[in-house]
Amino acid sequence: MTSRTFIRAGLAALLMAPLAFAQTISVSGAGGTFIYPLASKWFHEYNVLHPNIQINYQSIGSGGGIRQFSVERTVDFGETDGPMNDQQLGEAKIKPIMHLPLALGGVVPIYNLSVHGLRFSGETLANIYLGKVVMWDDAAIAKDNPGVKLPAEPINIVHRADGSGTTYTWVDFLSKVSPDFHKKIGVGTSVTWPVGLGGKGNEGVAGLVRQTPGAIGYVELIYALQNKIAYAPVKNTAGEYVNASLETVSAAAATAQIPADYRVSITNPPGKGAYPISTFTWILASPALPDQTKKKAIHDFLVWALTKGQSYSKDLGYAPLPKKLVDRELKDVAKLQ
Amino acid sequence: MDLPTTEKPGSRSPGPVAPPKAPTHAMPPLSLSARVPDADAPPPVPEEPRRPLATRFPKRSSGRTADLIFRLATGACAAAVAGLIVVAIVFMVRGSIPAFKDHGLGAILSPEWDPTNQKYGALTFLFGTAYTSLIGMMIALPLGVLTAVALVEILPHSLSKVISLAVELLAAIPSVLLGLWGIFTLVPLVRSFEVSIYKSPLGLKNIPIFSGSPMGVGFLAAGLLLAIMALPFILSVTREVLLQVPVSQREAAYALGATRWQAIYNYILPYSWKGIFGAGLLGLARVLGETMAVTMVIGNTPQIKASLFASGYTLASVIANEFTEAPSILAISALISLGLILLVVSILLNAAARLMLIYLGRGSSSPREAK
């Protein structure tokens, strides 16, 4: 081909381009890292079905997601591992903001000890992380594990050093079961620990636990499943020691009382068979979004994610939402239309 | 890419704008190979012999324009670099204002860091940065300088070339990889060392810097990792500096009957100490701001402890760890103020080092007399 033909072809392409892509709707979102593997799968699959809708998601962290969506208004939807509190909702520049649970996750205790098969109650875990239970043969641990011969070794505590939804869920649960923990440490994405070492990310915590004899730590269920790390069952309100799994985490969402705005922690839910350290991850959307086409696109995507999209959850290690909850959410999603 | 000699009109790309058929055949083919001279052909001979220097640049006026453009361009680059620093400082000062307003300078320098209760004191992090940097420099500086001496003065040329190459490769390893290596290799080694101290019959664990339970992660592991990171910088610069020592200086020393040690200690090192000082500064700059690798091995516990075995936290680490999930504007501002503190610390250290250099330089910078 000659240079002229090239130029002509290029010109033609340039002239056609706006016609071909005029219908493309580009929607942007930002939020937590926990949902990212599932979200990117969703956005990809959805784009295959609807080539004109392009959803971009930045996993910058829940705090950043809330800020960019509600205060800075630089993205069309947000995403968070912990619900926005009343103060954050008050400061928001766009109102109202809807919280819609899209997936479920769990947080599991892991440990490194010569004795395997241990199980824990929430009170024991709270006292360990408060620095009150310091030895593995403490009476509290023995009470959770009758008949197990525990070694007289010191407990080395590992927690997350970076702010994260995992820490939020963990301390939220411990605060619910131990008033002392609630008073001394409180609930947040990064808290001040009286004892222990900080690891960066799930891999940092798991690495420290694996290497330190007598260590205990906590990681996301999905991380433990993917890396085949053994984790311990935790006692729920019904008195059962429940092993975390996609089913028991889903059960927590099914038995928990969920208010109209979905801003609820589902840790320590009532009822049998529920794993007590479970959490939602929410998408933040608003019916007040000025761009109608984008709002419609978000609506359509959410309907798809809550129905067909849920089938991708299990494969990627996320617990799917209970059917009843999905039906309820679909009614609320209609407000975005 | 060759031009098809016969072209069917139908095969041409149909464009909406179809100009009259251009005489394409008349055009020379636009192909790269046509312009590049044959590789086998002899290099092109200069068209005219070299002119004497005075007439090499005949057009003075065009030279002036080029000179002006060149000056403006270099000036603009220099201004942009200076501007970058100003922008960074302005950003950090502005970002820190809410934190300073909320709890004042005193509270920023308190040891209490408790984001849930909105307490943001920087002292523990400042200590962690200072302590790990000190450990790192105390290891890297002697190691780097002595290795450089060995490379330049003692080892055979071929061996020193291999070692230099290895060290330069070390500088190219991303710090996050070094951090992972730290978690999985260095930390267990440090832990076994700590255990041996802990169990030693001499009661070494009662010495304050060796106290505490052996965890592996902590100041010592972080300091060692920082030493590894600073080493290539210190070593490379020191080696270059030593190579700058004039041969006459060396030969004079040996001619006077100096042994190798005497020559190095009395002549070569004193001759190049300013450059070595600069190498140290470069290493320190690397060490102060290092984030990822340190975060992975320091334990991330905001506390002030003298023990090498205790876990700690550094300014850079806490910013990296908490920025993405910072719960409020105030928390973000507090983290930015930590960045400002880090910047101020490095500026102060740099200034102090320069002052020291000037002060020491006023004395005799000449090599000390051979004893």
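What follows draws every value from the coordinates through simple rules; no lab data is involved. Everything quoted here is computed from the prediction, not taken from an experiment. Don't worry about glycine lacking a Cβ; one is built from the backbone with ideal geometry, like all the others, and counts go over all protein chains shown.
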What ³J(HN,Hα) values, in whole Hz, does the Karplus curve 6.51 cos²θ - 1.76 cosθ + 1.60 give for the stretch B:169-184 when θ = phi - 60°, with x put for Gly and Pro?
-> 5, 4, 5, 8, 6, x, 5, 5, 5, 4, x, 5, 4, x, 4, 8
Put in order of increasing Cβ neighbours within 10 Å, starting from the fewest, B:Phe184, A:Phe34 give B:Phe184, A:Phe34
Is any residue of the stretch A:313-330 close enough, with backbone N under 20 Å, to a label point placed 7 angstrom from the Cα of A:Ile229 along the Cα-Cβ axis, and if so, which?
-> A:316-319
Any idea how far the Cα center of the stretch A:286-312 sits from the one of the stretch A:243-277, in Å?
-> 25
Paramagnetic reach from B:Lys101 (point 7 Å along Cα→Cβ, amide N under 19 Å) across the stretch A:55-72 = A:71-72
Checked against a 31 Å limit on the C-alpha separation, the offending pairs among A:Lys41/A:Lys183; A:Lys176/B:Lys205; A:Lys41/A:Lys184; A:Lys41/A:Lys296; A:Lys41/A:Lys331 are A:Lys41/A:Lys183; A:Lys176/B:Lys205; A:Lys41/A:Lys184
5 angstrom amide H check on A:Ile25, placed H, neighbours 5+ away = A:Ile53, A:Gln54
So what's the convex hull volume per residue for the Cα atoms of the stretch B:111-370, in Å³?
-> 157
What is the set of long-range amide H partners of B:Asp114 at a cut-off below 5 Å, with H atoms built 1.01 Å from backbone N?
-> B:Lys119, B:Tyr120, B:Gly121
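Ranked from highest to lowest mean number of other Cβ atoms within 10 Å per residue, what is the order of the peptides A:117-123, B:258-264?
Values: A:117-123: 17.9, B:258-264: 14.7.
Final packing ranking: A:117-123, B:258-264.
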How many angstrom separate the Cα center of the stretch A:123-202 from the Cα center of the stretch B:169-236?
-> 27
Which ³J(HN,Hα) values in Hz, rounded to whole numbers, follow from the phi angles of the stretch A:304-311 under the Karplus curve 6.51 cos²θ - 1.76 cosθ + 1.60, where θ = phi - 60° and Gly and Pro get x?
-> 5, 5, 6, 10, 5, x, 4, 5
Shielding of B:214-222 by other chains, given as the mean Cβ count within 10 Å, works out to 3
Residues of A:205-218, mean number of Cβ from any other protein chain within 10 Å of their own Cβ, rounded to a whole number?
-> 3
Show the residues, 5+ positions off or on another chain, whose built amide H is closer than 5 Å to the amide H of A:Met98.
-> A:Ala285, A:Ser286
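For the protein assembly as shown, what is the mean residue ellipticity at 222 nm derived from helices alone (per DSSP H run of n ≥ 4: -39500 (n - 2.57); sum divided by total residues; nearest 500 deg cm²/dmol)?
Value at 222 nm, helices only: -16000 deg cm²/dmol.
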Given the candidates A:Val133, A:Gln23, A:Leu49, the one whose Cα lies deepest towards the positive end of the charge dipole of the protein assembly as shown, counting +1 at each Lys or Arg C-beta and -1 at each Asp or Glu C-beta, is A:Gln23
Phi angles of the stretch B:214-231, converted by Karplus (6.51 cos²θ - 1.76 cosθ + 1.60, θ = phi - 60°) into ³J(HN,Hα) in whole Hz with x for Gly and Pro, give x, 10, x, 6, x, 4, 5, 4, 5, x, 4, 5, 5, 4, 4, 6, 7, 3
Counting other chain Cβ atoms within 10 Å of each Cβ in B:317-323 and taking the mean gives 5
Would you mind computing, in nm to one decimal, how far apart the modelled labels at A:Asp315 and A:Val148 are, each placed 7 Å from Cα along Cα→Cβ?
-> 3.6
Taking the Cα-to-Cβ direction at B:Ile85 and at B:Ala285 and moving 7 Å from each Cα, how far apart do the two end points lie in nm?
-> 0.9
Long-range Cα-Cα pairs in the stretch A:106-245 (distance over 23 Å), rounded percent = 25
Between the alpha-carbon centers of the stretch B:237-315 and the stretch B:114-166, tell me the distance in whole angstrom.
-> 8
Residue separation times 0.36 nm, minus the C-alpha to C-alpha distance between A:Tyr36 and A:Asn56: what's the value?
-> 6.1 nm
Cubic angstrom per residue, convex hull over Cα atoms of the protein assembly as shown = 286
In debye to the nearest 20, the charge dipole size for the protein assembly as shown, taken about the Cα centre with +1 at each Lys and Arg Cβ and -1 at each Asp and Glu Cβ, equals 1340
With r defined as the distance between the Cβ atoms of B:Leu146 and A:Glu203 and R0 fixed at 35 Å, what FRET efficiency is calculated, to the nearest 0.05?
-> 0.45
Going highest first, how would you order A:166-175, B:157-166, A:128-137 by mean Cβ packing within 10 Å?
-> A:166-175, A:128-137, B:157-166
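Taking R0 as 41 Å, what's the FRET efficiency between A:Ala238 and B:Ala306 from their Cβ-Cβ distance, rounded to 0.05? Could you put the intermediate results ahead of the total?
Numbers: r = 49 Å, r/R0 = 1.20.
The computed FRET efficiency comes out at 0.25.
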Say R0 is 45 Å: what FRET efficiency, to the nearest 0.05, do A:Val115 and A:Trp304 get from their beta-carbon distance?
-> 0.45
